[in-house]
Amino acid sequence: MAATNSHRDLRDVVDRHAAAVYRVALSVVRDPALADDVVQETMIKAWRNAPVPPDEEIPRAWLMRVARNTAISALRTRREDVRSPETLPELAGGPSTIRTVEGRAQLDDLWEAMTRLDSDARALIVLKEVHDLSYEEMAATLGLPVSTVKTRLFRARKALKDAMKEWR
């Protein structure tokens, strides 16, 4: 009976957080198949190592940090070529501000500029612009002070802006 409840609890955690974990994973690894693997591994890690008793809610920020770190580890073990611009809208999981970018050329430019950023800068931009996290949530997710998140996000946005200027 306990195993049934345990499986049901795991299913509840997956149902509540899988989409957000997938978006974080995809924003880092840029490969839908690898992102699926990261989601699965993240959920297993969360189930085994959650910082709360099994009957309490897993903190979202902690889970997003586990997802990000798992995705980075997956990248280190499996380097792949950059995906095409057509996969960029998948970062947001559906209609979003990325899809509102006018014209195919602008989307291509945005994708190229994002690929020029390092993974940390790209993750910051995705957490803020796609996931709409607050600075405090980003800090908790990344394990950084809020002031560091603000500074790094400012620099990441500037780097993205500079990269976009190169393509105009």
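The values are calculated or read from the model by the stated rules, or taken from the named source; none is laboratory data. Values in this document were obtained by computation on a predicted structure and should not be read as measured data. All Cβ positions, even for glycine, are placed from backbone atoms using ideal geometry, and neighbour counts span all protein chains on display.
From the list Glu112, Glu129, exactly one residue is in contact with a helix residue (DSSP H, G or I) (Cβ under 8 Å, 6 or more places away or on another chain) and not basic (Lys, Arg). Which is it? When all the criteria are applied, what remains is Glu112.
When segment 95-151 is examined, which residues are found to be among the basic types (Lys, Arg), at pLDDT 70 or above and farther than 19 Å from Tyr22 by Cβ? Spell out how you get there, then give the answer.
Of segment 95-151, the ones among the basic types (Lys, Arg) are 99, 104, 116, 122, 128, 150.
Checking the rest, the ones that are also at pLDDT 70 or above come to 116, 122, 128, 150.
Matches in segment 95-151: Arg116, Lys150.
Exactly one residue among Pro59, Pro54, Pro85 is within 22 Å of Leu142 (Cβ to Cβ) and either modelled with pLDDT of 70 or more or in contact with a helix residue (DSSP H, G or I) (Cβ under 7 Å, 6 or more places away or on another chain) (or both), and that residue is Pro59.
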